[in-house]
Amino acid sequence: MSGIAMTKAAPAGEPLLEAAGLAKHFPVLDGFLFKRRVGAVQAVDGVDFTVHAGESLGLVGESGCGKSTTGRLVTRLLEPTAGRLTYRGQDITHATRKQLAPVRTEIQMIFQDPYASLNPRRTVGEIVSGPLEIQGLLTPGARERRTRELLEIVGLNPEHYNRFPHEFSGGQRQRVGVARALSLEPKLIVADEPVSALDVSIQAQVVNLLQRLQREMGIAFLFIAHDLAVVRHFSQRVAVMYLGRIIEIGDRDAIYEHPRHPYTHALLSAVPEADPDDDGRERIRLAGDVPSPLNPPSGCRFRTRCWKAQDKCATDEPPLVRLDGDAEGHLTACHFPQEPTVADRGHDVVLDPALAALEGTEPPREPA
Amino acid sequence: MTTVTTPQPRPEPPAPRGTGDPFLSVRDLRVRFATEDGEVRAVDGLSFDLERGRTLGIVGESGSGKSVTNLAVLGLHDPRGTTVSGRVTLDGQELLGAPRKRLEKLRGAKMSMIFQDSLTALSPYYTVGRQIAEPYRKHTGASRHRARQRAVEMLGRVGIPQPQRRVDDFPHQFSGGMRQRAMIALALVCDPQLLIADEPTTALDVTVQAQILDLLKDLQRQTGTSIVFVTHDLGVVADVCDDVLVMYAGRCVETGTVRDILKTPEHPYSWGLLSSIPRLKAPVDVPLRPIPGSPPSLLDPPPGCPFHPRCAFRDEVAGDRCATERPQLLLTGARGSACHLDGDRKRAIFADRIRPALGRRPEAASPAAAGPEGPDADRTAEPEADRTVADEPAAEPEADQGEGNR
Ligand SMILES: Nc1ncnc2c1ncn2[C@@H]1O[C@H](COP(=O)(O)OP(=O)(O)OP(=O)(O)O)[C@@H](O)[C@H]1O
Ligand SMILES: Nc1ncnc2c1ncn2[C@@H]1O[C@H](COP(=O)(O)OP(=O)(O)O)[C@@H](O)[C@H]1O
Ligand code: SF4
Ligand code: SF4
Ligand SMILES: [Mg+2]
Ligand SMILES: [Mg+2]
């Protein structure tokens, strides 16, 4: 790619980043002068996953389920409350700034908001070469050459070196953010909703760019997004989060064609497809919203919205395990999993009381 | 080729089309803003009709003029610095230039709206129940007690649990999804005949969006309300709309039924939108096909066709007309597009170059699915286009596998 020599690419498939029992609890403080800790938001509460060299692991789930917090833990922008984080075999869970320095260059982040994440007072050249400068790499002349190269890689005109962020459109600004993330030749990019602030026609430009980087430079991605179709397009493996936990993880085919967790089924069923003939999918309509992570339900966290919940679900937390008949690496946390198909089997699941009343169906059971 | 223009065998919902006058009619609407940098032509000659009980989707990227159009219909533009011209009639009554008092009376009663951001639309200072009951009292003259009952009833209808109790909550005590439901309750409390919903689910999670969209559809079935539904999401369009208007740079570039727009679109911009979105059932190993460039500035829109700087097909139009001459929206009935490419050429390009890459399930394109009237529907078909359609299933092995997995 554009004559950029990639150094010491880790062999594809080798574990690059491993999270084990990773957790982040934010204290909730109350009181006027003397703040008292009255509880904790369990933003991320014990997640296990591995990102292999060169692969893209997608992270999906609804607002507040802990996706961004997970991303910020992985890049060590946040200090984990519990658990272990390993990068290429090295424990970085509580590594100091100094210990982290070499790793920091290899893990980069791309943010959702291409407007807020770029300093408006610095030129595009300064922004993209910033990480090289901070690390004291290359001479000023070589830095500028490299920066122009990076601009070209992400599809910007190298002539734009001296322009300011406000002179660019949203999609172009996101490219600037990508160029900056590439400057230190990262091995892993954590992309937190990298396209959701962009217009539909522009989203595809940025998705294609990231995909090209993944393929041609062998960069691994932790790709965070709430759009299930974008994640499917971009990620070989996908983890579904709910209230701070991973409730199902597996390769693309497992999650999108043979999901087992009721929540994964509900999510997929809710995605509207731009095809008037898109029938043949099961219809599941949940009731209400996601409960507060301040006080998550006992046992299975999905049980307050789950139509299959039984007593056991309130008392026993279901472990994330491989179920009978599932593919290797496909793990599900549910006591009473769904059939591994998303096809319509003739009966809708409509839990929303208003919908059930209007449609003359009874909700399958009283909401807990 | 024939299948491209033939309605699919599945019957259209039996909504009346072309019967009598449209309920809402917009003609040559223009909205301009005077700004420091110059005049912004936010809406530039827009016309559309909406019939009773139907849903018209307005799609387009941000800044294409969707919200400005709706604010003009509702008479909510600040007259200072804004010039609005054209005609907007609701049930035969002219709205543009109507006295403020009359518009106020219509808003909330005969027509109402739901916005994207329910936090700014609901006042933080009054209870949810009061905000629903007040307009009801104002427009129907009901007693305070009756209006409160009505608020409870509406909250229950839109699925707020324990409405008797929650009616006295303030908006911040509701979750995002509940606030959007409360907005729907507020919008529907006076049984409006026209509902304008501007990106009502864009800020919501996908499972909550699905609940709200179904709720709107079910309520519409019950009440017969006409809906203008603004969105940038073609999936949402497929889910809720009967008819669609595609906007670009303040103009309508294509309009038709939801099937027309999603199955046999004719405008290069519509092709671009469809080709650039990832789908749950599309092959994953091919890159998406983005629209190059970005939307134009409305301060200084491109001459000719506003889409020409981004269009891959302008070379197919002789004499660089795309850059010089504004294409008119040519309608046949309620179907049409604004593009200089001639009809056969558009259909051929779509069949040969656009549709094969959409990764749709093949049965929609197979000759058998064309239905009995298929072969007669379009005799202008070019022979090579015919072959393309026949070849299509073979060209889409991934889609085939997707079927096999189910
Ligand atoms: N600094 C913080 N202090 C307190 N709570 C926080 C903090 N950051 C995040 N949270 C809470 O942690 C939970 C998870 O937040 P997070 O930002 O990870 O969600 P997310 O999955 O990225 O959601 P979205 O899709 O909305 O971006 C939320 O309930 C959020 O309110
Ligand atoms: N009050 C205003 N003053 C100046 N320009 C405006 C105003 N309101 C909207 N615009 C401009 O009009 C265009 C269309 O806006 P809008 O209808 O809000 O787009 P959307 O299709 O995203 O809803 C945009 O370029 C926007 O910046
Ligand atoms: S464990 Fe129980 S409550 Fe949780 S998803 Fe499975 S069936 Fe539903
Ligand atoms: S008029 Fe020309 S530029 Fe505009 S959409 Fe048609 S072919 Fe493209
Ligand atoms: Mg987030
Ligand atoms: Mg808008």
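Every number here is computed from the coordinates shown, using simple stated rules; none is lab data. Bear in mind that the values here come from a model prediction, so they are computed numbers and not experimental data. All Cβ positions, glycine included, derive from the backbone under ideal geometry; neighbour counts span all protein chains shown.
In whole Hz and in residue order, list the ³J(HN,Hα) couplings for segment B:49-56 that follow from phi through the Karplus curve 6.51 cos²θ - 1.76 cosθ + 1.60, θ = phi - 60°; x for Gly and Pro. Rounded to whole hertz, the list is 10, 9, 8, 4, x, 9, 10, 9. Per the Debye calculation on the protein assembly as shown with a single equal scatterer at every Cα and no solvent contribution, log₁₀ I(q)/I(0) for q = 0.06, 0.07, 0.09 Å⁻¹ amounts to -0.40, -0.55, -0.94. Think of segment B:118-191 as a dipole: +1 on every Lys or Arg Cβ, -1 on every Asp or Glu Cβ, centred on the Cα centre; then among B:Gly141, B:Met183, B:Pro161, B:Gly141 lies furthest on the positive end. Among the lysines, which fall within straight-line cross-link reach of B:Lys138, defined as a Cα-Cα distance under 29 Å, with same-chain neighbours fewer than 8 residues apart omitted? Within the straight-line limit of under 29 Å, B:Lys138 reaches these lysines: B:Lys101, B:Lys105, B:Lys110, B:Lys217.
Taking a ≥ b ≥ c as the square roots of the eigenvalues of the Cα gyration tensor of segment A:176-242, is the shape rounded (a/c under 1.5), prolate (a/b larger than b/c) or oblate? Oblate, since a/c reaches 1.5 and b/c is not below a/b. Counting, for every residue in A:203-210, the Cβ atoms of other protein chains within 10 Å of its Cβ and taking the mean gives 5. Neighbouring Cβ atoms from other chains, within 10 Å of the Cβ of residues in B:284-295, number 6 on average.
Scanning residues 5 or more positions from A:Phe221 or on other chains, those with amide H under 5 Å from its amide H are A:Glu55, A:Ser56, A:Leu57, A:Ile189, with H placed 1.01 Å from N in the peptide plane. Amide H contacts for A:Asp275 (H built 1.01 Å from N in the peptide plane; partners 5 or more residues away or on another chain; cut-off under 5 Å): none found.
Between the helical axis of A:140-153 and the longest alpha-carbon principal axis of chain A there is an angle of about 40 degrees.
Based on DSSP, what percent of beta bridges with both residues in chain A are antiparallel, to the nearest 5? Antiparallel bridges: around 60 percent, rounded to the nearest 5.
Bridgeable lysines around A:Lys187 (alpha carbons under 25 Å apart, same-chain partners fewer than 8 residues away excluded): A:Lys8, A:Lys24, A:Lys67, A:Lys98. On the beta carbon distance between A:Glu167 and B:Asp168, with R0 = 56 Å, the FRET formula returns roughly 0.65. For segment B:207-247, the gyration tensor built on C-alpha atoms gives an oblate shape. Its axis ratio a/c (a ≥ b ≥ c) is at least 1.5, and a/b is not larger than b/c. Computed from phi, the 3J(HN,Hα) profile of segment A:217-231 under the Karplus parametrisation 6.51, -1.76, 1.60 (θ = phi - 60°) reads 9, x, 7, 7, 10, 9, 9, 9, 6, 9, 7, 5, 6, 5, 5 Hz, with x in place of Gly and Pro. For segment A:230-368, rounded, prolate or oblate, judged on the Cα gyration tensor with a ≥ b ≥ c (square roots of eigenvalues), a/c < 1.5 rounded, else prolate if a/b > b/c? It comes out oblate by the Cα gyration axes.
Ordering A:241-250, A:45-54 by mean Cβ neighbour count within 10 Å, with the highest value first, yields A:241-250, A:45-54. Entry note, chain A: relative contact order of 18 percent, from Cα contacts under 8 Å with a spacing of 6+ residues. Each Cα pair under 8 Å and six or more residues apart adds its separation to the average, and for segment B:275-336 the resulting relative contact order is 25 percent.
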